[in-house]
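Taking it in order: structure first as structure tokens, then the write-up.
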Amino acid sequence: MDVVDVVDGTNRTTAEQRWVLGLTAIGSVMVALDALVVAAALTTVRHDLGASVQELEWTVNAYSLSFAMLMMTAAAIGDRWGRRRTFASGLTLFSVASVGCALATSAGWLIAARAVQGIGAAVVMPLAMGLLGAAFPPERRNWAIGAFSGLTGLAVLSGPVIGGAVTEGLAWQWIFWINVPVGALAVPLVLRKVPESRGAARRVDVRGAALSTAAVLGVVWGVVRGAEAGWSSREVVGAFALGAVGLAAFLLWERRAAHPMVPPSFFRSRTFSAGNAAAFFLTSALYGGVFFLAQYMQVAFGSGPMKAGLQLLPWTATLFLIAPLAGRLADRIGERPLVVAGLALQALGMAWIGQAAKGSVHYADLVAPLVVAGCGVSLAMPAAQSASIGALPREAVGIASGVHGMMRQLGGVVGVAVLAAVFSASGGYGSFTTGFSRALTVCGVLSLLGALAGLGVTARRAPTAAGPTARPDAARELV
């Protein structure tokens, strides 16, 4: 006989809860895996489709950009239309777009399909969290979210390894084909096994979403095209102008909107602003680093796609060892030391690799800086998220989490674009080692900027007998 939870209006059997956790985790793993699964396949895709470095970065950025810009809108739609139905629709769109990616015969086709895939991802991820929150009572919710986040983190870390193994063992197209049967099985199960839920009706800020997308697209387009078209060309100047006008219009609109996509009052909290800025620079360096390191392993050492993914494990696998420690340390000493120290370590590791790549280098020479960078990101990532979300009152946690996720995805877009621009300006694939060295040095600079932003996180009060460390009243920070 199934145990029944009746808390906060929920009435869920443990069997239902297992189905919700399992199916939302499947959707999350699919989405997280495809963020970086293409990394180890980029060299193969470049040769098969004749793609330029700009086209390769758009295969990553088209996904991340649509993912980032539509998360908040998708969450609001799900609250109104029904989370289960919206989640299933997102999984369906993601799976269909995966077919489009697998069938691509040109770089442009692949980029377009990746953008649609990102739209599906933007629907799946926030609705998965909403379904979990509705299915589990408060006393079990943290456990469920922890299990969900652990599986998602595993997917992110294993993306380059799985992508490399599939590319080498089958073909790069299969990194997308594998989504199709998973989606075909998951969608009917979601509709049958997951109970429907809705949130407080929120109006969709369509104008805010459109203006923010125009702003980000203009800036990213300008950075991507700058090296090839010329930084003073009409195309690039026009793109930056569109970005600047879009950003100004977005900020003005959000101040006036009755239901803004990103409430401006949130950013009156120094800790919220600093934590999100640190997360932005952290993922800028992380995504940019993965984009080039997977290719470097294949170009410099002649590694196959699978071996290249495995060679990144000293960097990526540290999350399993360090992240739990970071969580316990944050409870004792606060997030600021971990954000600052972690991003400083990532800066050191990336700059170290950039300098080592200038001369004759063996893979063994890169293991130590990869571990240093991995320890850094493992310390900083959970601390930055905790600081950002914990800076606001409890009733604002949902939107705060969405804003933080959006900032991380945008950081990845900007990081890949900036590092690719540096790489192209240094000779591109015709002078790979020089371009890689300079790109990884800039990766270190982005990490250092994140460390500086982390200094703005407010220190917690010292622990007391009444409970754990606490930050000054979050509500007061918004005044």
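The values are calculated or read from the model by the stated rules, or taken from the named source; none is laboratory data. Note that this is a predicted model, so its numbers are computed, not measured. In this analysis, Cβ positions are derived from the backbone assuming ideal geometry, glycine residues included, and neighbour counts consider all displayed protein chains. The accessibility values were calculated without ligands, DNA or RNA, using every heavy atom of the protein model including side chains. Shrake-Rupley method; radii C 1.70, N 1.55, O 1.52, S 1.80 Å.
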* Which one is modelled with the highest pLDDT among residues in segment 162-213 that are aliphatic (A, V, I, L, M) and in a loop (DSSP other than H, G, I, E, B)? -> Ile178
* To do: Could you give me the residue pairs with C-beta distances under 8 Å whose first residue belongs to segment 415-434 and is open to solvent by 10 Å² or more (accessible area, probe 1.4 Å), whose second residue is among the aromatic types (Phe, Trp, Tyr) wherever it lies, and which are 6+ apart or on separate chains?
  => Phe432/Tyr296
* Pick from segment 44-56 the residues that are modelled with pLDDT of 80 or more and in a helix (DSSP H, G or I): which of them is surrounded by the fewest Cβ atoms within 10 Å (Cβ to Cβ)? -> His47
* Matching entry among Gly159, Gly118, Gly150 (being open to solvent by less than 30 Å² (accessible area, probe 1.4 Å), under 30 Å from Lys307 (Cβ atoms), of a type outside the set (A, V, I, L, M) and modelled with pLDDT under 80) -> Gly159
* Structure fact -> For segment 245-256, pairs from a residue that is closer than 13 Å to Ala209 by Cα to a residue that is part of a helix (DSSP H, G or I) and open to solvent by 90 Å² or more (accessible area, probe 1.4 Å), with Cβ under 8 Å and 6 or more apart or across chains, are Trp253/Arg207
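Let's see how each residue does on (1) in a helix (DSSP H, G or I); (2) within 19 Å of Val29 (Cα to Cα):
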position	(1), (2)
Leu91	yes, yes
Cys101	yes, yes
Thr105	no, no
Ile111	yes, no
Arg114	yes, yes
Gln117	yes, yes
Val123	yes, yes
* Structure fact -> Counted residues in segment 248-272 being surrounded by fewer than 18 Cβ atoms within 10 Å (Cβ to Cβ) and part of a helix (DSSP H, G or I) come to 12
* Just one of Asp331, Asp365 is at pLDDT 80 or above, acidic (Asp, Glu) and in a helix (DSSP H, G or I); which is it? -> Asp365
* Looking only at segment 394-409, decide whether some residue is among the hydrophobic types (A, V, I, L, M, F, W, C), over 15 Å from the mean Cα position of the chain (by Cα) and over 23 Å from Leu70 (Cα atoms). => no
* In the set Leu103, Leu131, Leu127, Leu91, which member is at negative phi and open to solvent by 10 Å² or more (accessible area, probe 1.4 Å)? -> Leu103
* Checking Asp365 against (1) under 15 Å from the mean Cα position of the chain (by Cα); (2) free of Cβ contacts under 8 Å to residues at least 24 places away in the same chain, which single condition isn't satisfied? -> (1)
* To do: Please state which one of Phe240, Phe281 is open to solvent by 30 Å² or more (accessible area, probe 1.4 Å), over 22 Å from Gly402 (Cβ atoms), of a type in the set (Phe, Trp, Tyr) and in a helix (DSSP H, G or I).
  => Phe240
* Asked: On the given criteria, is Val245 open to solvent by 70 Å² or more (accessible area, probe 1.4 Å) and modelled with pLDDT of 85 or more?
  -> yes
* Given the conditions (1) closer than 29 Å to Pro264 by Cα; (2) part of a helix (DSSP H, G or I); (3) open to solvent by 60 Å² or more (accessible area, probe 1.4 Å), and given that Val220 satisfies all but one, which numbered condition is not satisfied? -> (3)
